Every structure is written in structure tokens, then in C-alpha cells.
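To keep things clear, I will list the structure first and then write my remarks on it.
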Amino acid sequence: MNRRPVAIEDLLTIRMPHQPAVSPDGTRAVFAAGRFDYAANEIRAGLWIVPTGGGDPVPLTTEDGRDGSPRWSPDRRWVAFLSNRSGRRQGRKLAPMQLWVVSADGGEPRQLTSFEAGVSQPVWSPDGRTLAFVTRGTLDAPEGKEAPEVIVRQISRPKYKYDGLGFFDGYAHIWTVPAEGGAPAPVTDGDYDHEWPVWLPGGREVAFVTNRTPEADLSLVRNLWAADAQTGALRQITRSAGPCTSPAVSPDGRWIAYVGHDFHAGPATNAGVWTVPAEGGEAGNLTAGFDRSVGNSVWSDTRIAPLFPTIEWIDDGKAIVFYATDGGHTHLYRVDIADRLIRPLTDGPEVVADFAAAGGHIIYQRMTHTSLDELWVLPPAGESRRLTALNDALIGTLQVAEPEHFTYEGEDGWPMDGWVVKPPDFEPGKRYPAILRIHGGPHSTYGDILNHYVQVLAARGHVVVWTNPRGSQGYGEAFTQAVVRDWGGKDSTDILRGLDAAVTQGLIDPERVAVTGGSYGGFMTNWLITHTDRFRCAVTEVCVSNLFNFYGTSDIGATWGELEWGADPWDGTQTLLEHSPYWYAKRVTCPVLITANEEDHRCPIEQSEQFFIALRKLGKDAVFLRFPGESHTMGSTGRPKPRIERLRHLTAWFDRHLHTTTEAAQPVRTAAPAGRP
């Protein structure tokens, strides 16, 4: 078969299997399969069931909306799930997700909730009669009710918004609803958020994650609590010094495992697998000797993946499975409870983004540099094998360029990883224009994933370069911590040394190099173009430009941001300003394309606005793209129309500025600011 270069529109044909769940006996797996509906400008998803022993997946639900978070009932007869199929989009805001159940053998789903704020995190009670869930609503909304017009928001709590969720109306509480249908009932109350419910044995209590202190909104500390599902009586289980997510109860009900840490290395502290007696007591870190952080820090624009890591008990409670990033790979691991021995369950060039375990089977979501997400199964005995082939037909038609790994010496002599992708028609001896990509985080990682954007850039005749500088996850806690309080310091020289190492390979024209990145990568793009003139052009996306303002406008500025920079606006003014690219805008010499999303609460659009206005006021060449209704991660999780439009603008920008000689490269001119001819 003749293969062709990857095109922008290929994004629309990708299928995205995610959120696997294994039946209690291990014989079947249910999963969500996402796809882009360009005409409706939505991501749609239906549920599918596949035998773990092999066979073709069959649909369980129709793609009438976006279905996800499937959960098997204890008797394997029912699947609970979330869906927005019954709701109506309010402007650019998605219809809320509600709780549904459907027979595992197929049939018409039944809707259990209709909260105006939607629901999340469903979990079955041990007897299968009740489901617990989380909502910020207080009363069920009539079906099809129009959202009231917002005239004013009165805000008194510091934590009043979150990227991707928007503005909070009320606190998150645990509720229950009969599986057969009926009136939902609250379990928790008060001015505190309660999330991550799990049932304790017997179904009398629900454990969950919360911070029930007056400082909760300005703290990242969370603890496990439990509430009586009937009376609401509370008790505290852990007394942690750090965060807590993803609780999982042991098969015998005696222990609760969770993902957390104690902040001993600030925001760079490795997340570990901890256990605590369900009745309360001292918690212990099972992975304290494993110098990697639990979870996946390698992200792709071609997958749907959870924000928080999954952990599962296996072997009748003798071990816990988790995943962690090591270098550019993310693998499954098991830690044995008795001796805390950690062993890898998968290997090779891969990135595992999620998994589920039951009945001796582990189903996991796996991607590589040249293959899109598919589900794989690790049976009780034998080797891992692929369970789905949703993207084989597409991959079989494409020239997917395989990244070439290289190593180099960063600042302080530290070894660093880097990669280059060549154009599909690469000619040895010819020098190509190049694009340097910088990841976000800064505690994210580049690794073994297929990135559609990179493949499109390579297909248009560019060499693409990226590296994992200090601050990246997957190289140990000290490596991750090295960027804290030093944004724009040795991290920037690590990145430039990586570019130099790629240039020395002889395939890059050093006079035609662009730089780009988003979030922290946008910060670093801004930093580099204000501290060096080696780039022909730049694209900075959902960026950070002014740490002083970021502190009070980002949903994480006053918590995570203060830890990351070690400064606040009133006592650390100079520190924040000195590390802000905005204050060096006069130094920019190259054309800059700035993209931002109007519903971004992580790196608010004002960060991009400030940088754009500064550049234009100073007479620099700058263009600003604003995407209405999109949040921080639009480039990887947003609606199809803005994603396609973004790629068209970005590729045109690079084509215009890199596929010409230095003398012929002309900046894009926009309307001149007032007072300028």
C-alpha cells in the first residue's frame, strides 16, 4: 500500500479508546471509544465490550453524546456510566454528565440523575444496590431546563474556578442513588469539597478525599475521611502533609491505598503509593525507594487520558499495580505489600496512560512513537497482547516518521534525552528548517507517544527537535526539583544545549530554526526569544509571561505557583519580575505568533494579552489568535473545529517564516498601533 504524509485532517479520523474497566470475573472489558464529530464540533464516545480472551469489540451504547467512566456492578449484570446524551449544550459549555446504567448484555440505558451541575466519579456499593457519586449540585434540575442567565457571580472563596471545569457553583459533595432508580441523597455537606468516593466493606461507610479546614482552598493538602452513608457521621482516616488522590480499598477491606506525597521536595516531590488501615492509623509509602513519580507525565494530542493516576489491588490483596514514567517511557509496575518489592510488568518503547485490573486480568491503554492508542491485556499467565485494533486502517495509510533518540550533556554536565523527527522524504546531506518544541509542566515529559502535530510539521518539510531538560519527570526527584525557583535559569541552557546537539548532526539549517511550546513551554518560548536572537520565528501558546500576575489570576497561582517559585507578590516582587519574560519584551527580534484560549483558567488569557500588547507597543511583529470557549488543554482535548483551525494557522506561520531565505523572510504585518505609521 502506498503511504502518504500525515495531514492536518487525519486528526478527525483517529479513534481514542480509553477508561477501560474489567468485569469482576476478568472475562470481559468495557471501554469508551472517542471520535471527533467535526460537523457538530464535539468529541463523541460510546461504550464497547470486548472479551479479554480475544475477539472483536461490540458496541454497548450508541454515540448519542459522550459516554465514559464505565463501572461494572459486583454481579457483572450492569454497567454504570456517565453521559451527556440527555442534555443540551449551553452556548459553548458542554451539556452536563449524568449517571446512567445499562445491562451488560445490551439494551436501553436508564438515567439515574439529572443534576444541573452534572455528576462524576461513580462507584458501586458492595451489594450492587446503590451508587455513590460526586456533584456540585444541590437539587435535581428538570429535564431540558435552560440554564439561568448569569447576571453576577458573588465570590467569597479563593478556589472558585478550575481549568476545564469553569467557575464553581457550590462545593463538591458525595451523594448516593439507588441503582434501580429513585431520589438521590447527600452523604456529605458543609463548605468543603469531597471527592474520590470508595465504599468500605459492608456498604455502611463511604471513604473519600477532602480537606475540612478553613485553609482548604489555599492548601494542596488532602486527607482520607469516611462518612456513614445513612447518617453522615464523619471520621478522619489519614493526617497527611500532602495531597491524596485515587483511593482503592483492599479486597479484605482492611486497607486503603492511595496516591500521595508529603511535600518534602515541594511541587517536585514524587507521588507514591501509600496505604493506611481503613479504620485509621499510620500511613506508609510503599514506593518510597522508587525514585519515580506514580502516574504518567507523557502527553499526546491523539489520546484521551486521565488527569490523575490509577492504582489497583491484585492477587487477593498481595500487591498493587500502578504506572510511572521512566525517562521517555511509562510502564506498568507492581509493588508487593509484604516486602515492598517493585517489579515492571511491561517494557519497551511505550506510554501507558490508564489501566484496570480484575479477575486476574489487567487491561491497559498503550501508545508508542508510531502507533496510536489501543487496549492491551496482561492475562494471569502469558505475555501481553493487543486487545483492540481501532486505528490499524488509518496507520496503514500514513508515513509516520519515527523519532530518533539522542543524548547530550546539559548544564552541570547532566545527561539529557532528546529526539529529532525528519521529514518523510528526508535527503541525507540536505539541511532542513527546524522547529524546537518545549514541553509544559515544567514537570511534564516527552516520550514514546505519537504526536499528530509533530507528524504534520515533519510532513511539511521540517525537522522537529525536542528534549527533556531539568524539571522533567521520569529522571528522579532531584532532576525534577532542579527547575523549582529557577525558571529561565539552567533549564533554558539545557534546552539550548539540546538544540545545539541536534544541529551538530548536520541535518538542520541553523539560520532557519523556530521555537514553540505551550504553558510552561510557552513561558520558555517567551524566555528564549527575550534572551537570544537565534530563532527565525516563534509560536507561544497558552503561555506564562508575567509571574506577578499569574499568582492571582491562575487557578493554581497562589498554591502550586507559590511553591514552584518560592515567592509571592508582596514579599517576593523582585523574584517574580526577574523571572517574567514580559519584562524583557524589548529584546524580541523575531516574529511571534501567540495563541490563547478564552476559557483558560490555568494560564489565563491575560498572560498572552500582556505579551502581545507589549510586543505591538514596542513595534515588534506579533499576531494574536484567541479561541473562544476553549480551556488550557484545547490543543490536546478541545473541540475539533478550533483544533483544526489552530493547526492550519500554526503550520502556515512556520511555512511562511522557515521555507524562505533569511533575506526573503518577511514578517506578517497587522494593523499598526495608535501613533505609529
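Values as computed for the structure displayed
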quantity: Filter result for the condition that a residue is under 21 Å from residue 474 (Cβ atoms) and more than 27 Å from the chain's Cα centre (by Cα), over 414, 419; calculated: 414
quantity: Candidates 591, 640, 604, 569 - the one that is modelled with pLDDT of 95 or more, under 21 Å from residue 452 (Cα atoms) and touching a helix residue (DSSP H, G or I) at 6+ places or on another chain (Cβ under 7 Å); calculated: 640
quantity: Qualifying residue in segment 523-532 (condition: at pLDDT 95 or above, within 18 Å of residue 546 (Cβ to Cβ), part of a loop (DSSP other than H, G, I, E, B) and under 24 Å from the mean Cα position of the chain (by Cα)); calculated: no
quantity: Where residue 612 falls short, out of the listed (1) at pLDDT 95 or above; (2) farther than 24 Å from residue 442 by Cβ; calculated: (2)
quantity: Pair list, Cβ < 9 Å and 6+ apart or interchain, from segment 647-669 residues that are closer than 16 Å to residue 592 by Cβ and assigned by TED's automatic domain parsing to the domain that holds residue 432 to residues that are part of a helix (DSSP H, G or I) and modelled with pLDDT under 90; calculated: none
quantity: Contacts under 7 angstrom Cβ, first residue in segment 391-404 being surrounded by fewer than 18 Cβ atoms within 10 Å (Cβ to Cβ), partner among the aromatic types (Phe, Trp, Tyr), 6 or more apart; calculated: 404/419
quantity: Pick from segment 458-485, criterion over 11 Å from residue 292 (Cα atoms) and among the charged types (D, E, K, R), ranking: surrounded by the most Cβ atoms within 10 Å (Cβ to Cβ); calculated: 470
quantity: Only listed residue being at positive phi, of a type outside the set (D, E, K, R) and either assigned by TED's automatic domain parsing to the domain that holds residue 513 or without any contact (Cβ under 8 Å) to a residue 60 or more places away in the chain (or both), chosen from 629, 572, 566; calculated: 629
quantity: Counted residues, segment 270-306 - those being within 22 Å of residue 366 (Cβ to Cβ) and surrounded by fewer than 19 Cβ atoms within 10 Å (Cβ to Cβ); calculated: 1
quantity: Condition broken by residue 456, with the remaining ones in (1) more than 30 Å from residue 25 (Cβ to Cβ); (2) assigned to a strand (DSSP E or B); (3) β-branched (Val, Ile, Thr) satisfied; calculated: (2)
quantity: Residue tally, condition on the phi > 0 side of the Ramachandran plot and part of a helix (DSSP H, G or I), over segment 474-486; calculated: 0
quantity: Whichever residue in segment 487-522 is assigned to a loop (DSSP other than H, G, I, E, B) and under 24 Å from the mean Cα position of the chain (by Cα) and, among such residues, is farthest from residue 435 (Cα to Cα); calculated: 487
quantity: Filter result for residue 552 (within 27 Å of the chain's Cα centre (by Cα), part of a helix (DSSP H, G or I), surrounded by 18 or more Cβ atoms within 10 Å (Cβ to Cβ) and of a type outside the set (S, T, N, Q)); calculated: no
quantity: Residues that are surrounded by 13 or more Cβ atoms within 10 Å (Cβ to Cβ) and either among the β-branched types (Val, Ile, Thr) or not in a loop (DSSP other than H, G, I, E, B) (or both), drawn from segment 236-254; calculated: 237, 238, 244, 245, 246, 247, 248, 249
quantity: So residue 229, is it aliphatic (A, V, I, L, M), buried (at least 21 other Cβ atoms within 10 Å of the Cβ), assigned by TED's automatic domain parsing to the domain that holds residue 283 and at pLDDT 95 or above; calculated: yes
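Condition check ((1) at pLDDT below 95; (2) closer than 28 Å to residue 115 by Cα; (3) surrounded by 17 or more Cβ atoms within 10 Å (Cβ to Cβ)) across all residues:
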{"position": "186", "(1), (2), (3)": "no, yes, no"}
{"position": "189", "(1), (2), (3)": "no, yes, no"}
{"position": "197", "(1), (2), (3)": "no, yes, yes"}
{"position": "268", "(1), (2), (3)": "no, no, yes"}
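A quick yes/no check of all residues on (1) among the aliphatic types (A, V, I, L, M); (2) in contact with a Pro (Cβ under 7 Å, 6 or more places away or on another chain); (3) in a loop (DSSP other than H, G, I, E, B):
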| residue | (1), (2), (3) |
| --- | --- |
| 301 | no, no, yes |
| 349 | no, no, yes |
| 363 | yes, yes, no |
| 370 | no, no, yes |
| 381 | yes, no, yes |
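The values are calculated or read from the model by the stated rules, or taken from the named source; none is laboratory data. Predicted model, so just to flag it, every value in this text is computed and none were measured. FYI the Cβ positions are ideal-geometry reconstructions off the backbone, even for glycines, and counts take in every protein chain you see.
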